[in-house]
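Everything below concerns the one structure shown next.
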Amino acid sequence: MSDHSKLKVFFYVQHLLGVGHVHRAYEIAKELVAQNFEVYFVNGGKQVPTVDYSKFNLIQLPPVWAQDEQFEKLFTTGQVPINHEWRTERINLLQSEFKEINPDILLIETYPFGRRFFRFELMPLLDLAFDITPRPLIVSSIRDILVKSKNPHRASEIVDILRNYFDAVLVHGDPKLISFSKTFSKYDEIKDKINYIGYISKSVDHHTNGSNPNPDSDQDILVSVGGGAVGLNLIKNAILSKKHSEKAKKLKWRILVGVDISEHDFLDLQAYKTNTMIIERARPDFLSLLNNTKLSISQAGYNTMTDILKSGCNRIVIPFSKAGENEQELRANILDELGYLKKINEKDLTPEYLGGIIDHIIDAEQNHHHDYEFDGAKKVPKQLIELYKKC
């Protein structure tokens, strides 16, 4: 490996539907830049409006995204289905950029634990990395919970790729809350490569220090759905639940509509606006809003859960569980059992039922005390340096 004082990181990030993966990677990239790393952020999906890509060197691949939560139809620019030419262009661009940059560290988000569809470009990239002398440190970046695979042989395939190509795995979680072994059956075969970093949470703007000076930042109930790709039904039920909640009828509500919810649907939601029902697009000061609310109603994605656990508000979550997705369901079950929140099954969600749960939870004594690690992004630079020195 090189002895550069400023390490170059080639950071591959691919999202298909939601924005959680990108925001988690963004927090990591920001910390790397702050610690004098030279970051090349390889973005394989559409650019997310709430991410400031100017903070690092952006390499934009021909983008791809999923039509819906089934992930069966993938499209690129102009809503064109992906094809052989698109794959070839992606491979060539990845290879040429990697050769030109000659990075010290290759950091790959999710793969090989997920994003298996993209092995057409990632396996050649890994082979290329091994052909370079000195070769870069190769690291996988993965969240705390894996989506259960339908293929019983998938875990063995992951182990083979990790043992043959990867030096380490950064798990963005805390084993005191959820062990990675809970959702990866062959954990013992790769545990020597596992490095728990802690949860990746959003950093609060330095000038707010956790409380937003904007007078329009207070609310009693805050409804959010992250990027919102699969959150429209939750928002509609939450809005309609207000009239079914005795305690919440006169309270101030704020509905945050994610960037992936269409402008047409956003305009339709505006019909429900009142003096006590604010409906607006998702805001960058989400953490500050949480710190100024009594009750949060949300899905149970990784980013949202880390944010609400850091806040002092009460929590209701409705985990997304369709299309075979079990990640949010498992996370919500664990946190519900520990008393950190109240989980509602998606199949049970109605305005009437949610209204009743709001009355029960809004003034309840939920568990707000924990010692889980939430500064994972800040630990990544030091961990990568240590791994780089050993490699």
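For the stretch 105-132, name all the residues that are more than 23 Å from the chain's Cα centre (by Cα) and either aromatic (Phe, Trp, Tyr) or assigned to a helix (DSSP H, G or I) (or both).
Applying the first criterion (more than 23 Å from the chain's Cα centre (by Cα)) to the stretch 105-132 yields 120, 123-132.
PHE120, MET123, PRO124, LEU125, LEU126, ASP127, LEU128, ALA129, PHE130, ASP131 - these are the residues of the stretch 105-132 that are more than 23 Å from the chain's Cα centre (by Cα) and either aromatic (Phe, Trp, Tyr) or assigned to a helix (DSSP H, G or I) (or both).
Give the residues of the stretch 332-357 that are assigned to a helix (DSSP H, G or I) and in contact with a helix residue (DSSP H, G or I) (Cβ under 6 Å, 6 or more places away or on another chain), sorted by residue number.
Our first condition is that a residue be assigned to a helix (DSSP H, G or I); within the stretch 332-357, this holds for 332-337, 346-348, 351-357.
If the condition is that a residue be assigned to a helix (DSSP H, G or I) and in contact with a helix residue (DSSP H, G or I) (Cβ under 6 Å, 6 or more places away or on another chain), then PRO351, GLU352, LEU354, GLY355 are the ones that fit.
Here is a yes/no grid of residues against (1) hydrophobic (A, V, I, L, M, F, W, C); (2) assigned by TED's automatic domain parsing to the domain that holds GLU27; (3) at pLDDT 95 or above:
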{"site": "GLY210", "(1), (2), (3)": "no, no, no"}
{"site": "VAL230", "(1), (2), (3)": "yes, no, no"}
{"site": "LYS236", "(1), (2), (3)": "no, no, yes"}
{"site": "LYS242", "(1), (2), (3)": "no, no, yes"}
{"site": "ALA248", "(1), (2), (3)": "yes, no, no"}
{"site": "ALA271", "(1), (2), (3)": "yes, no, yes"}
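Just to be sure, is ILE101 surrounded by fewer than 20 Cβ atoms within 10 Å (Cβ to Cβ) and either in contact with a strand residue (DSSP E or B) (Cβ under 6 Å, 6 or more places away or on another chain) or among the β-branched types (Val, Ile, Thr) (or both)?
Here the answer is yes, as ILE101 does meet what is asked.
PRO152 - would you say it is out of contact with any strand residue (DSSP E or B) (no Cβ under 8 Å at 6 or more places or on another chain), surrounded by fewer than 18 Cβ atoms within 10 Å (Cβ to Cβ) and not assigned by TED's automatic domain parsing to the domain that holds ASP336? Outline the logic, then answer.
Numbers: out of contact with any strand residue (DSSP E or B) (no Cβ under 8 Å at 6 or more places or on another chain): yes; surrounded by fewer than 18 Cβ atoms within 10 Å (Cβ to Cβ): yes; not assigned by TED's automatic domain parsing to the domain that holds ASP336: yes.
Criteria met by PRO152.
Of (1) in a helix (DSSP H, G or I); (2) modelled with pLDDT under 95, GLY324 satisfies all except one. Which?
(1)
Inside the stretch 254-311, counting only helices (runs of 4 or more DSSP H) that do not spill past its ends, which hold 3 or more residues that are of a type outside the set (A, V, I, L, M) and surrounded by fewer than 16 Cβ atoms within 10 Å (Cβ to Cβ)?
Numbers: elements: 263-269, 286-290, 302-310.
The qualifying helices (runs of 4 or more DSSP H) are 263-269.
Just one of ARG163, ARG115 is surrounded by fewer than 21 Cβ atoms within 10 Å (Cβ to Cβ) and either at pLDDT below 95 or among the hydrophobic types (A, V, I, L, M, F, W, C) (or both); which is it?
Step by step, each of ARG163, ARG115 is checked, and only ARG115 is surrounded by fewer than 21 Cβ atoms within 10 Å (Cβ to Cβ) and either at pLDDT below 95 or among the hydrophobic types (A, V, I, L, M, F, W, C) (or both).
Within the stretch 12-58, which residues are surrounded by fewer than 19 Cβ atoms within 10 Å (Cβ to Cβ) and farther than 30 Å from GLU325 by Cα?
VAL33, ALA34, GLN35, ASN36, GLU38, SER54, LYS55, LEU58
Restricting to the stretch 63-98, and then to whatever is surrounded by 12 or more Cβ atoms within 10 Å (Cβ to Cβ) and within 30 Å of LYS390 (Cβ to Cβ), can you tell me which residue is nearest to the chain's Cα centre (by Cα)?
Result: LEU94.
Return a yes/no flag: does the stretch 11-33 have any residue that is of a type in the set (S, T, N, Q) and within 24 Å of ILE145 (Cα to Cα). Spell out how you get there, then give the answer.
Going through the stretch 11-33, the residues of a type in the set (S, T, N, Q) turn out to be 14.
Those still in the list that are within 24 Å of ILE145 (Cα to Cα) too: 14.
Yes, the stretch 11-33 has at least one match.
Give me the strands (runs of 3 or more DSSP E) completely within the stretch 20-104, filtered to those with at least 3 residues that are of a type outside the set (Ser, Thr, Tyr) and at pLDDT 95 or above, ordered by residue number. Before you say what the answer is, go through the steps one by one.
Numbers: elements: 38-43, 57-60, 74-76.
Strands (runs of 3 or more DSSP E) meeting the threshold: 38-43, 57-60.
Can you name the residue in the stretch 224-244 that is out of contact with any strand residue (DSSP E or B) (no Cβ under 9 Å at 6 or more places or on another chain) and part of a loop (DSSP other than H, G, I, E, B) and, of all such residues, is farthest from ILE279 (Cα to Cα)? Give the steps one after another, and end with the answer.
If we filter the stretch 224-244 for residues that are out of contact with any strand residue (DSSP E or B) (no Cβ under 9 Å at 6 or more places or on another chain), which is where we start, we get 227, 230, 233, 236-237, 240, 243-244.
Filter once more, keeping what is part of a loop (DSSP other than H, G, I, E, B): 227, 230.
On the way: GLY227: 15, VAL230: 18 Å.
Among those that are out of contact with any strand residue (DSSP E or B) (no Cβ under 9 Å at 6 or more places or on another chain) and part of a loop (DSSP other than H, G, I, E, B), it is VAL230.
Looking at THR350, THR274, THR306 in this structure, which one is out of contact with any Cys (no Cβ under 7 Å at 6 or more places or on another chain), of a type in the set (Ser, Thr, Tyr), on the phi < 0 side of the Ramachandran plot and without any contact (Cβ under 8 Å) to a residue 12 or more places away in the chain?
Numbers: THR350 fails: without any contact (Cβ under 8 Å) to a residue 12 or more places away in the chain; THR306 fails: without any contact (Cβ under 8 Å) to a residue 12 or more places away in the chain.
Exactly one residue qualifies, and that residue is THR274.
The values are calculated or read from the model by the stated rules, or taken from the named source; none is laboratory data. Because the structure is predicted, anything quoted here is derived from the model rather than measured. Neighbour counts run over all protein chains shown; Cβ positions are idealised from the backbone, glycine included.
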